[in-house]
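Chemist: Here it is, the structure in full.
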Amino acid sequence: MPSPDVTTAAAAFQAANRADDRPALLAAARVLVEQRAPIGPQWNFAAQAIMRCGDLDLALRALDLWQDQAAPPHAAVHEKAVLLAQSGREDDALALVAQLPETHPSPVANAYLRGSIAANLGRRDEAERHYRRAVAALPVSGRSWVGLAQLDRLTPSDRAAIRARLDAPDANRIETVDRAGLHHALAIAADREQDHAKAFDHFDAATRIQAELYAYTARDDENSARTARMWHAPDIADHAIAGPAPERQPIFVTGLARSGTTLVQQLLAAHSLVDGGRELGLTVPVEAMTGGFAPADFDRYRARGGTMEALRDTYLRFAGQRISGTGRFVDKTLNASRAIGPLAAMFPDAPFVWLRRDPLDNAWSIYRAWFSNNVLSGWSLADIAHHMMVEDRMHAHWADVLGDRMLTVPYADLVEHPEEWTRRITSFCGLEFEPGQMNFHRRAGAVSTASALQVREPVNRKGIGAAAPYRRWLDPFMRVYRAPPVDTPPDPATLVAGLKDGLARQDILAINHAAKGLIAAKAPMGNSWRAIAQALLRNGEKTAARDAMRLLEENGGHTRALRIERAAFVARSGLPEDARRLLTEGAGNAQDASASLQFLMGSIATNLGEAEEAADHFRRAARMQPASGQCWLGLAMTGAADDADHRAMEDASAALAQAPPAERSAWHYALGHMRHLAGEHGRTFDAFEKGAAHMAPLRPFDREADRADARAAVDGWAEGLRDTRGADRRKPVRDPVFVTGLPRSGSTLVEQILAAHSAVAGGGELGLLRLLEQRIGGKSYGAFAHWERDGGRVDDLVAHYDHLLNESVTRDGRVIDKTLSTSRHLGLVAMVLPDAPVVWVRRDPLDNAWSAYRTWFVEGVAWSWNQADIAAHMACEDALHDHWQDVLGDRMLTIAYETLVADPATEIGRILDHCGLTREAACFAPHETKRSVITASAMQVRAPINRRGIGVAEPYRVRLAPFEAARRSNDSPL
């Protein structure tokens, strides 16, 4: 009878297995193994469950116990051989298989296992002999036919036999993987004979069959990538293990499947100080111990008493079960991109090598590869493209985060200059190059990847251009990955599928392409036009976005509500006059309008500088809807509110009591502005403080993320710009001027000064540089360099930016881009638009902080709700200013707001000279320029230049002490 300990452990094992609690499962399994629990045939089940948790040695001990407790003859030996082969210990597996009769567990399974092991060991003749045993025993063993095809041992009679099996009436009864294997074997043979049409047909058939078993889930892929990108340099540093590195140290090699990672693994494994390498897959047990891969999961793990050392020790123990030795080893797990954050923390000194290959060649190599029992087997070309785009973003993220801890290796360069790159990779890994590494293909040892046979040859260029003969069949990949224009418009269903895919991948080019196709087709999208319009507006495609809103109104029957919604959208896209015209034509009598329409008309009037009209609309809106804090705030911001308005605001407190937090916040800000005008400084600050307290939880600010973003924004650009100085660049058509600075620093005034010039068409907070950042995959120079090395062209970015400027400003002339986040993109600006001038406006810190704190920003600017957050963000911007001034030199002009308003004639002259503009009288009276201004300074810039903004914080200095204290304590984030 089992002891109480065994009974308890067995129950715990079963419960852990049901709950997929892998640490608990291993703990219970160890007790069962140590107690030699008499569970007979259950040991096989236990061994498989243990193996899923990564502990190979414990799984082998479980199988030994199964054998000791009267397992069927040879069963335990066979299962041990399979586990060893799967773990890369083919020599040990082969020794066990030799003990088995050729009929166990069946002639086919025995032969296929022996053939696969022999192939991984590079023993071609032996592999062929076993594969032929398998097909003799089971002629429809597609897996075995694939093995023969990969060995290039298929004869004409073999191919005829395979075709006969596929043509047989009962072909659909063949087991799914074997049926796919039959097609795959014929595809390999046709490819070798350069019958590309037939080869593609069979590869495609094999993939479609395997898709019955393996489906790609874009959402899961995106979610795991998003979790991985939560790790930034500070997170890694916070979790990093201190102290000396362990004797066994991994070298991480990653990249897409079929990108060249096995070649690099073999080049490194041939070094005398490297014990070997393989796809270890040990991130799974690490994730099981922590409960997830997000930084927060690791924090919770540590809070429960877990340590990073324990994770490292588990990883190394399991790695030692697969790769013997005491030195360095290569972990070539392909999904390592999702675990690099934890791995970098567990092994702070470990290098990361990332392989990159031509996208089309890489995609085709994945599609045509035979991945046994792997989800990749069922991926369509569109699936592959989607995953590649996800991995492109992962690569850019880790290049930013890891910096010089990660080496990107272009596969084409590696095979063109193998010794040069092998030296570079070896040195990067802290090793001295050994000439014997170039003879890696002569080494004994197993390679259990789809490249097992290729790496038995010297480095060669066979993989370059591998997709060229199949290009005409690869449109499904190219359409998703690059979203190029097509000669004939696809049908709406195809466009909708492309749009969904583009949205899932956040691919702006694919989104734009599909959405514009739907607009051209006037597809019956109903309410979906609303989301399409929003996506296009985010991507800077304002014309198409407005067209989508027009179609929304048309599809919805031209209702009054849809006309108002469309007008609001048009105003938000930068055309307030057009929005007003739409309202006049289709929204009915303004006197009888709803509160929402009154609010919209007030907002349009504000943007156009019509203070009295704006105030009139906001008053009506507030009377109709007193619980709308934004109506009261709009009224207060016009500067045309009177004492009666102030009393009405104060009296609205009861109506606001149950309003949403954002509306209560806006109302407090409205009160703050009115009390400020009345000189009630104490009550003024109280109002703003209460309003900010409502907004802070709604728009939380992450100081460390802000600092990390600032560091990424400068990373590598100084050197990169120096190295590319003088490069020939396409000239932009619109010749932009960049004006930046903190919100409320005076940047809108400088924009207004420049916009008054006859050669300037206009501008605003355009927000276009983030779209270029999205295209290259990151802010740092490293991201740009990788993008460029992968085939990106700077001229394409210039053309894209020109197009976006045309979308934002329709008049001819120069454009002022006053995006406040330009400080985070100046490296890209300097690289792509080397002649564009930059003007940075700075203001007294306390005045600037107070002006930001008292402003209710409609979106973004999450740091403005808290004094310490304001100080932290200002520290970032101060450091960025100093950095870019050093890097850009006289390309960047710094303007002090106080000097500008005190001596406008001199400072405006400096600004015009810096921007290459002649001095025109209109620029010295910018308040007279009639134009739309969609910023918090919409009304201020309608007044002549004055000094009212100087010293505005003085009455509130005592209440702003937290800001000043935080500012003194902040160190430079760079």
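Chemist: Restricting attention to segment 34-59, which residues are touching a residue at least 24 places away in the same chain (Cβ under 8 Å) and more than 25 Å from GLY291 (Cβ to Cβ)?
Modeler: GLN35, ARG36, ALA37, PRO38, ILE39, GLY40, PRO41, TRP43, ASN44, listed by residue number.
Chemist: Just give me the residues in segment 839-859 being open to solvent by 20 Å² or more (accessible area, probe 1.4 Å) and either aliphatic (A, V, I, L, M) or without any contact (Cβ under 8 Å) to a residue 40 or more places away in the chain (or both), in sequence order.
Modeler: So the first thing to find is which residues in segment 839-859 are open to solvent by 20 Å² or more (accessible area, probe 1.4 Å), and the list is 842-845, 854, 856-859.
Those that are open to solvent by 20 Å² or more (accessible area, probe 1.4 Å) and either aliphatic (A, V, I, L, M) or without any contact (Cβ under 8 Å) to a residue 40 or more places away in the chain (or both): VAL858, GLU859.
Chemist: Which condition does ALA531 not pass, out of (1) without any contact (Cβ under 8 Å) to a residue 12 or more places away in the chain; (2) touching a Leu at 6+ places or on another chain (Cβ under 8 Å), if it passes all the others?
Modeler: (2)
Chemist: Give me the helices (runs of 4 or more DSSP H) completely within segment 76-137, filtered to those with at least 3 residues that are over 20 Å from ASP178 (Cβ atoms) and open to solvent by 30 Å² or more (accessible area, probe 1.4 Å), ordered by residue number.
Modeler: Qualifying helices (runs of 4 or more DSSP H): 90-97, 124-137.
Chemist: Taking only segment 410-435 into account, find how many residues are modelled with pLDDT under 95 and among the aromatic types (Phe, Trp, Tyr).
Modeler: Total satisfying the criteria: 1.
Chemist: Can you pull out every residue in segment 179-196 that is in a helix (DSSP H, G or I), open to solvent by 40 Å² or more (accessible area, probe 1.4 Å) and touching a residue at least 60 places away in the same chain (Cβ under 8 Å)?
Modeler: Result: HIS196, single match.
Chemist: Look through ALA614, ALA636 and report the one residue that is surrounded by 24 or more Cβ atoms within 10 Å (Cβ to Cβ), of a type in the set (Gly, Ala, Ser) and closer than 22 Å to ARG566 by Cα.
Modeler: The conditions single out ALA614.
Chemist: What single numbered condition from (1) surrounded by fewer than 23 Cβ atoms within 10 Å (Cβ to Cβ); (2) assigned to a loop (DSSP other than H, G, I, E, B) fails to hold for TRP231?
Modeler: Of everything listed in (1) surrounded by fewer than 23 Cβ atoms within 10 Å (Cβ to Cβ); (2) assigned to a loop (DSSP other than H, G, I, E, B), TRP231 misses just condition (1).
Chemist: I'd like to verify a number: residues in segment 770-804 that are charged (D, E, K, R) and touching an Asp or Glu at 6+ places or on another chain (Cβ under 9 Å), how many?
Modeler: So the count comes out to 4.
Chemist: Return yes when ILE241 is β-branched (Val, Ile, Thr), touching a helix residue (DSSP H, G or I) at 6+ places or on another chain (Cβ under 7 Å), touching a residue at least 60 places away in the same chain (Cβ under 8 Å) and over 19 Å from LEU355 (Cβ atoms) and no when it is not.
Modeler: yes
Chemist: Show the residue pairs meeting these rules: Cβ distance below 6 Å; 6+ apart or different chains; first residue within segment 702-724 and touching a residue at least 12 places away in the same chain (Cβ under 8 Å) and open to solvent by 30 Å² or more (accessible area, probe 1.4 Å); second residue outside any helix (DSSP H, G or I) and of a type in the set (Gly, Ala, Ser).
Modeler: What qualifies is ASP715/SER780.
Chemist: Let me ask another. Working only within segment 138-170, note down all residues that are over 29 Å from ASP92 (Cα atoms), charged (D, E, K, R) and buried (at least 17 other Cβ atoms within 10 Å of the Cβ).
Modeler: The answer is ASP158, ARG159, ARG165.
Chemist: I need the full set of residues from segment 871-909 which are of a type in the set (Asp, Glu) and under 19 Å from LEU749 (Cα atoms), in order please.
Modeler: GLU898, ASP903, GLU907
Chemist: Moving on to the next point. What strands (runs of 3 or more DSSP E) completely inside segment 250-346 contain at least 2 residues that are in contact with a Ser or Thr (Cβ under 8 Å, 6 or more places away or on another chain)?
Modeler: Qualifying strands (runs of 3 or more DSSP E): 250-255, 274-278.
Chemist: Which residues, taken from segment 795-808, are open to solvent by 10 Å² or more (accessible area, probe 1.4 Å) and either in contact with a Gly (Cβ under 9 Å, 6 or more places away or on another chain) or under 30 Å from GLY255 (Cα atoms) (or both)?
Modeler: ASP795, ASP796, HIS800, HIS803, GLU807, SER808
Chemist: Also, I was wondering about something else. From (1) in contact with a helix residue (DSSP H, G or I) (Cβ under 6 Å, 6 or more places away or on another chain); (2) within 20 Å of VAL375 (Cα to Cα), pick out the condition that doesn't hold for GLU175.
Modeler: (1)
Chemist: Output the residue which, of all residues in segment 756-774 that are at pLDDT 90 or above and either in a helix (DSSP H, G or I) or on the phi > 0 side of the Ramachandran plot (or both), is most open to solvent (accessible area, probe 1.4 Å).
Modeler: Going through the qualifying residues, I end up with ARG770.
The values are calculated or read from the model by the stated rules, or taken from the named source; none is laboratory data. Predicted, not measured: the structure shown is a model, and the values here were computed from it. In this analysis, Cβ positions are derived from the backbone assuming ideal geometry, glycine residues included, and neighbour counts consider all displayed protein chains. With ligands, DNA and RNA removed, areas are computed over all heavy atoms of the protein, side chains included. Shrake-Rupley method; radii C 1.70, N 1.55, O 1.52, S 1.80 Å.
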